[in-house]
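Working notes, structure below.
The values are calculated or read from the model by the stated rules, or taken from the named source; none is laboratory data. Here the structure is a predicted model, which is why all the values come from computation and not from measurement. Here the Cβ positions follow ideal geometry from the backbone for every residue, glycine too, while neighbour counts run over all protein chains shown.
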Amino acid sequence: MSNAAPRMGRGDPHRNSGAVTDPVERLGFVVDTVRELSIHTNPQELIQVFRRRAFRLYGGDASMSLSRRDLQWPFYRVTRSTRWDEQIDPWKEPGRLPLLKGGLLADLIYGDEPCILNGLCVRDDDPAYEYLHDACSLLCLPLYDGGVGLNMVVRISSQPNFFDNLKLADAVLEANLFGRATSNLVQARRAEKAYAELDYEMKRVAQIQRALLPQRLPRIAGVDMAVHYRTAARAGGDYYDFFDLGDGRWGILIADVSGHGTPAAVVMAITRSILHSQCHECKSPGEMLAIANDQLARQAEQYDSTFVTAFYGIYAPEQGELSYACAGHCPPLIIARDGTLTELCDVQTLPLSVDEGTTYPESKRKIVSGDTILLYTDGITEAANEAGELYGFRRFLNCVTEDAPNAQHIVDCINHKVLAFTGNAPAYDDQTLLAMRVE
């Protein structure tokens, strides 16, 4: 489509200079008009319907719309005109709208008041003469936005004294209600577009974040593993990882960034980067968490005081031993073959990023055949149903003590029971569950 200004033509061939005046007929016409307007969700289509019917509402031979939005006196734009051969969508092609300076219409739109001008004779040097050359009467209806008439509808009649001052108030109200409806549609479409763009970006963030998680579970000698990972938003702050430390030893991490969504996902990515850069340098879980804490704490203000809970353990299959440290995270569970539960809560310390210089004590636990190590985030125990009731630690314990043939069965059982409990309630926090059964 050309960027040139629209050509002037004969205008609307269906125009009728006479408005509907009979009260009963006018009521029926107005009802039909608003009914037709209610069907449309495209603001440009809404404009076309109103423009087509406005001749019967107000009468006149032609009409035009003006705007001074984002302009200063004496400039204004013509946004619509029934005299144009081709109508322009002002939201899609604002550059094609004629920009005029000064003259009668500038006085009217900047005057910010409705009015009727009768016995008019427009000078041929007026910037809008091509629109008003045959105008003997004008009906001027400002459309208010934020208390200011930024737009204006102008009805034109070649007959003197055509418009009725007694109907001016109703015309102002009708035009402004229509203008507000159009504005609401425009804002709704912009919001939809912005949401679609944001949703696309969020999907990309979620894809990138999930790419930072292990793409497959590692093969650890004598260990059966399963994982469940679910974010409350597109992206989340839960994080789990494995580090091959050589000699059959594996680092096992689960972490939870405070909050969720994109900010949490960004801090999660930073935490991952720190841990991957240090995992082969650190000899113990406590040292690993201390280094990560110091680096995060130095930048805590940039993350708006976001903190990270984490549990890091090093599992040595040959020794059958798990050494571990915990930074404020939910203590993992050890489920013995006979159903006995042990909570690894003996080394709880501050979360990462809270206080630089924090030390993280360590502990060790013998792992024997039949033991299951269960790591999880609080999105599991704090999942809420529609009544706001939390799933809770007691239900969680009842679930994990059930007999299960393998790690996947444990994960599936817990996940299904949590979903059955929450029903249709939305998830307010990310959920991660990692089961490791020693065979």
All positions within segment 106-118 that are farther than 14 Å from LEU139 by Cβ and either in a loop (DSSP other than H, G, I, E, B) or among the basic types (Lys, Arg) (or both): ASP112
What are the residues in segment 142-160 that are among the aliphatic types (A, V, I, L, M) and surrounded by fewer than 17 Cβ atoms within 10 Å (Cβ to Cβ), if any? VAL148
Checking GLY248 against (1) surrounded by fewer than 19 Cβ atoms within 10 Å (Cβ to Cβ); (2) under 25 Å from HIS416 (Cα atoms); (3) modelled with pLDDT under 95; (4) assigned by TED's automatic domain parsing to the domain that holds LEU352, which single condition isn't satisfied? (2)
Tabulated pairs, segment 178-194, first in the same structural domain as ASP145 (by TED's automatic domain parsing), second modelled with pLDDT under 75, C-beta under 6 angstrom, 6+ apart or interchain: PHE178/PHE50; THR182/PRO43; THR182/LEU46; LEU185/PRO43; VAL186/PRO43
Selection status of GLU287, assigned by TED's automatic domain parsing to the domain that holds VAL223, acidic (Asp, Glu), within 29 Å of GLY222 (Cα to Cα) and part of a loop (DSSP other than H, G, I, E, B): no
I'm trying to understand the selection: among the residues of segment 359-399, which are more than 37 Å from the chain's Cα centre (by Cα) and either among the polar types (S, T, N, Q) or not assigned by TED's automatic domain parsing to the domain that holds ALA427 (or both)? THR359, SER363, SER369, THR372, ASN398
Of all the residues that make up segment 91-105, how many are surrounded by fewer than 14 Cβ atoms within 10 Å (Cβ to Cβ) and in a strand (DSSP E or B)? 2
Could you list, in sequence order, the residues of segment 176-225 that are farther than 21 Å from LEU253 by Cβ and either surrounded by 14 or more Cβ atoms within 10 Å (Cβ to Cβ) or touching a strand residue (DSSP E or B) at 6+ places or on another chain (Cβ under 6 Å) (or both)? ASN176, PHE178, GLY179, ALA181, THR182, SER183, LEU185, VAL186, ARG189, MET202, VAL205
So how many residues does segment 364-382 have that are under 17 Å from THR309 (Cβ atoms) and free of Cβ contacts under 8 Å to residues at least 60 places away in the same chain? 3
Please find, among CYS330, CYS282, the residue that is in contact with an Asp or Glu (Cβ under 6 Å, 6 or more places away or on another chain) and either at positive phi or of a type in the set (A, V, I, L, M, F, W, C) (or both). CYS330
Would you confirm whether any residue within segment 121-141 is closer than 26 Å to SER183 by Cβ and exposed (fewer than 14 other Cβ atoms within 10 Å of the Cβ)? no
Checking the conditions here, which among VAL347, VAL354 is among the hydrophobic types (A, V, I, L, M, F, W, C), modelled with pLDDT under 95 and under 23 Å from PHE243 (Cβ atoms)? VAL347
Please note which strands (runs of 3 or more DSSP E) are completely contained in segment 293-394 and include at least 2 residues that are crowded, with 19+ Cβ neighbours inside 10 Å and out of contact with any Gly (no Cβ under 6 Å at 6 or more places or on another chain). 308-316, 321-327, 333-335, 372-376
Can you tell me which residue in segment 64-93 is farthest from ASP134 (Cα to Cα), limited to those that are touching a residue at least 40 places away in the same chain (Cβ under 8 Å) and in contact with a Phe, Trp or Tyr (Cβ under 8 Å, 6 or more places away or on another chain)? ARG68
